[in-house]
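Have a look at the structure below before the remarks.
The values are calculated or read from the model by the stated rules, or taken from the named source; none is laboratory data. Quantities reported herein were computed from a predicted structural model and do not represent experimental measurements. FYI the Cβ positions are ideal-geometry reconstructions off the backbone, even for glycines, and counts take in every protein chain you see. What goes into the accessible areas is simple: the full protein's heavy atoms, side chains included, and nothing from ligands, DNA or RNA. Shrake-Rupley method; radii C 1.70, N 1.55, O 1.52, S 1.80 Å.
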Amino acid sequence: MDARRVIETVRDGCGLSVEAAEWFTRGLVDGSVGDAQAGAFAMAVLCRGIGTSGRVALTEAMRDSGRVMRWDLGGPVVDKHSTGGVGDCTSLLLAPALAACGAYVPMISGRGLGHTGGTLDKLEAIPGYTVNPDEESFRDLVAAVGCAIIGANDRIAPADKRLYAIRDISGTVESIDLITASILSKKLAVGLDALVLDVKTGSGAFMAGHDQSLGLAQALVDTANGAGCRTSALITDMNQPLSFAAGNALEIIEVMETLTGNQVNEALWDVVSALGGEALLLAGLAKTADEGSARIDAALESGRAAEVFGRMVAGLGGPNDFVEHYLDRLPSVPVMRPVPAPHRGYIARIDTRALGETVVQLGGGRMNAGDRINPGVGLSSLAMIGEDREPNEPLAMVHAATPEAAERAVARVQAAYQLSDSRPEEPPLIHERLA
């Protein structure tokens, strides 16, 4: 077998066999497949597709290209993946809530990508929190606490790391087949029993159209189940931010307010509850999704999830008293500016992507790979669809490092909101379930 034959087979619409997937991923890791060949393969997959069996073969081959973890714990190993959004901090609530319900959650998360926030960037706003512990420490923490949220290392799915870089420069990032294999190879390498997927749709999602989101969700569910991991997906709304805040430290504050019951964001809670119910059902810890959601609600309401979160933070180098004193521990910035509504009206539409891009431009994300993040910048008190505003009443609050950056952000946020004389219908939180 050689690279040319694999590429030609995919190019001619004949799919990807298990043997071809294994051979090609080995070549990606050992370098015997060159960049030009990897790019040609990615383009062939984009143009012709490889079908469900080909996606399963590629996912399993990339999963097995590096370290595949095995666990011996007192309960099921569960995780969640989101396709990314603005103000989406569900992982930070869901992981400790699942752990409080008897699941074990070794969550491998990522950094911000484009206009979307990254779970690791949010956690690094907590002083001392390390996202790259050694494997023994990671295993010990999952066993002792029930969850740990960290970043991937070079031993996890190295074939995906090589192919991802090639996709970025070859114009093939949007391939559903390659997106699916990339996401799942890393998740399944952690040794999961069950996986719940949160696929976003709307103005702040990478795939804004419902049909696109549905296609990705179905591909992910079919592939993960085909690879032996019990999986379901919810298509959730991203036509507006999920939280009232967007920005790393500001989203951590919202998470802590929800965990401690100081100020509960009902939309954020409801999505976490729905995802958690699915996860507990898949893991065999609930008989129905509704029963699972009730258990998640109880874990949040009782404070057990907050306790787990505090132990995880301390176990990964953060403050021992973070749950009690999070406002004192998180960074802030010197400039705050309200964003005035230009006239009276109801919030009819939000360009959610533009809000995410505003956070990036404030310094809360990366415009280039080596950029440093300012964890304190962002947006808070975000108005949501259906709310009414009087002239000059705030649409949001900008948190910035300088007055000049704040003024630019005020103008961008104003432009992202569309007001109407009539109250619009609010978008549903959860559009669809796939299993």
| Applying the Karplus parametrisation 6.51 cos²θ - 1.76 cosθ + 1.60 with θ = phi - 60° to the phi angles of segment 253-267, what ³J(HN,Hα) value in whole Hz is obtained for each residue in order, glycine and proline being reported as x? | 4, 5, 4, 5, 5, 6, 4, 8, x, 5, 7, 8, 8, 5, 5
| remark: The FRET efficiency for GLU425 and GLU390, from their Cβ-Cβ distance with R0 = 25 Å and rounded to 0.05, is 0.70
| task | Subtract the Cα-Cα distance of ASP211 and ASP168 from 0.36 nm times their separation in residues, and report this length gain in nm to one decimal. | result | 13.1 nm
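With +1 assigned to the C-beta of every Lys and Arg and -1 to the C-beta of every Asp and Glu, and no other charges, what is the dipole magnitude of segment 1-62 about the Cα centre in debye, to the nearest 20? Provide the component values of the computation, followed by the final result.
Values: 6 positive and 8 negative charges, 39 e Å.
Dipole magnitude for segment 1-62 comes out near 180 debye.
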| query | How many percent of DSSP beta bridges within the chain run antiparallel, rounded to 5? | reply | 50 percent
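Which value, in debye to the nearest 20, describes the size of the charge dipole of segment 309-390 about its Cα centre when Lys and Arg Cβ atoms bear +1, Asp and Glu Cβ atoms bear -1, and nothing else is charged?
Details: 9 positive and 9 negative charges, 43 e Å.
Magnitude of the dipole: close to 200 debye.
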| request: State whether segment 101-204 is rounded, prolate or oblate according to the following rule on the C-alpha gyration tensor (a ≥ b ≥ c being the square roots of its eigenvalues): a/c under 1.5 gives rounded; otherwise a/b larger than b/c gives prolate, and the remaining case gives oblate. | output: prolate
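Note the full-extension length gain between THR288 and ASN320 as 0.36 nm times their separation in residues minus their Cα-Cα distance, in nm to one decimal.
7.9 nm
Accessible area of the chain with a 1.4 Å probe: how many percent of it is carbon plus sulfur? Walk me through the intermediate numbers first.
On the way: 8230 of 17170 Å².
Roughly 48 percent of what the probe reaches on the chain is carbon or sulfur.
Show that you can apply the helix-only estimate: for the chain, add -39,500 (n - 2.57) for every DSSP H stretch of four or more residues, divide by all residues, and state [θ] at 222 nm to the nearest 500.
-14500 deg cm²/dmol
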| request: List the relative contact order of the chain as a percent without decimals, with contacts defined as Cα pairs under 8 Å and 6+ residues apart. | output: 19 percent
| query | Taking square-rooted eigenvalues a ≥ b ≥ c of the alpha carbon gyration tensor, is segment 278-411 rounded, prolate or oblate, where a/c under 1.5 means rounded and, failing that, a/b exceeding b/c means prolate? | reply | oblate
| note | Once the dipole of the chain is set up from charges on Cβ (+1 Lys and Arg, -1 Asp and Glu), the residue from the list ALA286, GLY84, GLY31 lying farthest towards its positive end is GLY31
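Show me the trypsin sites (Lys or Arg not before Pro) within segment 49-146 that DSSP assigns to loop and that have at most 13 other Cβ atoms within 10 Å of their Cβ. Show your work: numbers first, answer last.
Details: sites: ARG55, ARG63, ARG67, ARG70, LYS80, ARG111, LYS122, ARG139; in loops: ARG67, ARG70, ARG111.
Answer in residue order: ARG70.
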| said: How high is the relative contact order of segment 310-430? Use alpha-carbon pairs under 8 Å, at least six apart in sequence, and give a whole percent. | reply: 36 percent
| Among the aspartates and glutamates, which have Cα under 13 Å from the Cα of LYS287 when same-chain residues fewer than 8 positions away are ignored? | GLU278
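How much net charge surrounds ARG4 when only other residues with a Cβ under 13 Å from its Cβ are counted (Lys, Arg +1; Asp, Glu -1)? Don't jump to the answer; show the numbers that get you there.
Working: positive: ARG5, ARG11; negative: ASP2, GLU8, ASP12.
Neighbour charge sum, excluding ARG4 itself: -1.
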| query | Taking square-rooted eigenvalues a ≥ b ≥ c of the alpha carbon gyration tensor, is segment 227-343 rounded, prolate or oblate, where a/c under 1.5 means rounded and, failing that, a/b exceeding b/c means prolate? | reply | oblate
| said: I'd like the Karplus ³J(HN,Hα) series for segment 209-219: coefficients 6.51, -1.76, 1.60, θ = phi - 60°, whole numbers in Hz, and an x wherever there's a Gly or Pro. | reply: x, 4, 4, 5, 4, 5, x, 5, 4, 5, 4
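Quick one: accessible area per residue over the chain, 1.4 Å probe, rounded to a whole number of Å²?
Details: 17170 Å² over 435 residues.
Solvent-accessible surface per residue comes out at 39 Å².
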| remark: With label points set 7 Å from each Cα along the Cα-to-Cβ direction at GLU136 and ALA415, the distance between them in nm comes to 5.4 nm
| said: Explain nothing, just the number: relative contact order of segment 1-121, from Cα pairs under 8 Å at least 6 residues apart, as a whole percent. | reply: 22 percent
| Candidate lysines - alpha carbon under 23 Å from LYS200, same-chain residues fewer than 8 apart omitted | LYS80, LYS122, LYS186, LYS187
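In segment 304-365, which trypsin sites (Lys or Arg not before Pro) are in a loop and have at most 13 other Cβ atoms within 10 Å, using DSSP for the loop call?
Numbers: sites: ARG304, ARG311, ARG329, ARG344, ARG349, ARG353; in loops: ARG344.
Sites meeting the loop and neighbour criteria: ARG344.
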| remark: Between [x] 23.3, 82; [y] 22.2, 76; [z] 21.6, 69, the structure-derived Rg and Dmax of the Cα atoms in Å is [z]
| query | Cα centroid distance between segment 178-223 and segment 356-419, in Å? | reply | 28 Å
| task | With only Lys, Arg, Asp and Glu charged, each at its Cβ (+1 for the first two, -1 for the last two), find how big the charge dipole of the chain is about the Cα centre; round to the nearest 20 debye. | result | 820 debye
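Add +1 for every Lys or Arg and -1 for every Asp or Glu among the other residues with Cβ under 14 Å from the Cβ of TYR346, and state the total.
Numbers: positive: ARG344, ARG349, ARG389, ARG423; negative: GLU387, ASP388, GLU390, GLU393, ASP421, GLU425, GLU426.
Once all neighbours under 14 Å are counted, the net charge is -3.
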